[in-house]
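Enquirer: Before we start, here is the structure in question, set down as structure tokens.
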Amino acid sequence: MAGVMGWPVMHSRSPKIHNYWLGKHGLAGAYMPLAIKSDGLHAALRALPALGFAGCNLTIPHKETAFDIVDRVDPVARRVGAINCVVVAPDGSLEGRNYDGFGYVQSILDAWPEWRADAGPIAVIGAGGAARAVLVSLADQDAKEIRLVNRTPAPAQAVAQEFGPPVKAVAWDHRHAALEGTAMLVNTTSQGMAGQPALDLALDKLPASALVSDIIYIPQETPLLTAARLRGNRTVNGLGMLLHQARPAFHAWFGVMPQVTAELRAMIEATI
Ligand code: NAP
């Protein structure tokens, strides 16, 4: 068994994704939503071995807190500073991993197989938790220059200092100009999500050849992606990131590396 711990959690698409794969691979298991409040996270995680769980995913608000509860974290998760997956080891100890960055890169390659992170400068908007996973994955894909723009200067400066080159902080007031000469633009802010205003970003300076990615998947096409598509840029939304981060987690728990099929994607799209 496996599940996703979050609060709230019933909106999570992860049970649909993992139960689809359990069925596809004929595995006798179940993946369930686990509604865990912050003050119950420690006990809930420590109960996993006794409950017979292979592990769990973590979503809001637990990704950072769980990092300090598990027994070990892998090197990628350590750089991200958060975990989205826990694997129960044979001795009952808990290992934390972060597959959000893996999911991010795979989602881009899935949509545009010829994409390369080192094709030119990349502008990343937002310096929150999801941004850290995206930045680590882009750096590991050999990105040469990442212009990190955040509304509040301090988080972008702190991340740029912590990660070092290729990440450099750019002031929010310079965000429109920061798109000049880029090969890729990534939105990791909450702006453009259902119920939120659009990201305040003018695309005039963005080359027509640039790939525009938004890690939001509700709605499937944010105002940023609509604007980018209408001016001829290639686009990718955040659904692939969600689907692909689930693959290595499923593999770690159940021993099979599953695939993101058109059927799975359509099934999840139908819930959005
Ligand atoms: P977070 O840690 O709270 O970070 C939020 C970011 O949005 C910060 O950079 C924040 O800037 C920025 N922001 C908020 N309001 C803004 C505004 N009015 N104008 C400009 N910037 C603003 O959240 P997170 O966990 O990184 O999540 C961010 C987004 O990623 C969410 O939409 C989430 O759904 C999405 N996400 C998608 C996936 C996926 O699998 N596709 C996975 C994880 C997250 P300040 O520092 O200035 O507040």
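Residue by residue, here is whether (1) more than 16 Å from the ligand (Cβ to nearest atom); (2) open to solvent by 40 Å² or more (accessible area, probe 1.4 Å); (3) farther than 19 Å from P75 by Cβ holds:
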residue: D100; (1), (2), (3): no, no, no
residue: W112; (1), (2), (3): yes, yes, yes
residue: A133; (1), (2), (3): no, no, no
residue: A139; (1), (2), (3): yes, no, no
residue: D142; (1), (2), (3): yes, yes, no
residue: E145; (1), (2), (3): yes, yes, yes
residue: L148; (1), (2), (3): no, no, yes
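Quick grid of which residues meet (1) outside the structural domain of L94 (by TED's automatic domain parsing); (2) farther than 17 Å from L201 by Cα:
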| residue | (1), (2) |
| --- | --- |
| Y217 | yes, yes |
| G232 | yes, no |
| A249 | no, yes |
| G255 | no, yes |
| T261 | no, yes |
| L264 | no, yes |
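Enquirer: Which of (1) more than 9 Å from the ligand (Cβ to nearest atom); (2) closer than 30 Å to H25 by Cβ; (3) open to solvent by less than 60 Å² (accessible area, probe 1.4 Å) does F163 not meet, given it meets every other one?
Expert: Only one criterion is unmet by F163, namely (2).
Enquirer: Considering only region 199-231, state which residues are open to solvent by 50 Å² or more (accessible area, probe 1.4 Å) and in a loop (DSSP other than H, G, I, E, B).
Expert: Passing the criteria: D200, D204, K205, A208, S209, Y217, I218, Q220, E221, R231.
Enquirer: Further question: Got at least one residue in region 240-248 being of a type in the set (K, R) and either within 10 Å of the ligand (Cβ to nearest atom) or open to solvent by 40 Å² or more (accessible area, probe 1.4 Å) (or both)?
Expert: Looking through region 240-248, none of the residues is of a type in the set (K, R) and either within 10 Å of the ligand (Cβ to nearest atom) or open to solvent by 40 Å² or more (accessible area, probe 1.4 Å) (or both).
Enquirer: Here's another thing I want to ask about it. Just give me the residues in region 166-217 being near the ligand (Cβ under 9 Å from one of its atoms), out of contact with any helix residue (DSSP H, G or I) (no Cβ under 6 Å at 6 or more places or on another chain) and of a type in the set (V, I, T), in sequence order.
Expert: Answer for region 166-217, where residues must be near the ligand (Cβ under 9 Å from one of its atoms), out of contact with any helix residue (DSSP H, G or I) (no Cβ under 6 Å at 6 or more places or on another chain) and of a type in the set (V, I, T): T189, I216.
Enquirer: Let me ask something additional. Scan region 249-272 for residues that are touching a residue at least 60 places away in the same chain (Cβ under 8 Å), within 16 Å of the ligand (Cβ to nearest atom) and in a loop (DSSP other than H, G, I, E, B) and jot them down.
Expert: V260, T271
Enquirer: Tell me which helices (runs of 4 or more DSSP H) are completely within region 83-194 and hold 2 or more residues being in contact (Cβ under 8 Å) with a residue 60 or more places away in the chain and closer than 30 Å to I69 by Cα, or say none if there are none.
Expert: 100-111, 129-140
Enquirer: Hey, another quick one. Across region 36-81, which residue is surrounded by the fewest Cβ atoms within 10 Å (Cβ to Cβ) among those that are of a type in the set (G, A, S) and in contact with a Phe, Trp or Tyr (Cβ under 6 Å, 6 or more places away or on another chain)?
Expert: Per the criteria, the residue is A54.
Enquirer: Among (1) away from the ligand (no atom under 14 Å from the Cβ); (2) closer than 24 Å to K16 by Cβ; (3) touching a helix residue (DSSP H, G or I) at 6+ places or on another chain (Cβ under 9 Å); (4) open to solvent by 50 Å² or more (accessible area, probe 1.4 Å), which single condition is R234 missing?
Expert: Result: R234 passes all but (2).
The values are calculated or read from the model by the stated rules, or taken from the named source; none is laboratory data. Quick caveat: nothing in here was measured; it's all calculated off a predicted structure. Using ideal geometry, Cβ is built from the backbone for each residue, glycine included, and neighbour counts are taken over all protein chains shown. Note: areas computed on protein heavy atoms with side chains; ligands, DNA, RNA excluded. Shrake-Rupley method; radii C 1.70, N 1.55, O 1.52, S 1.80 Å.
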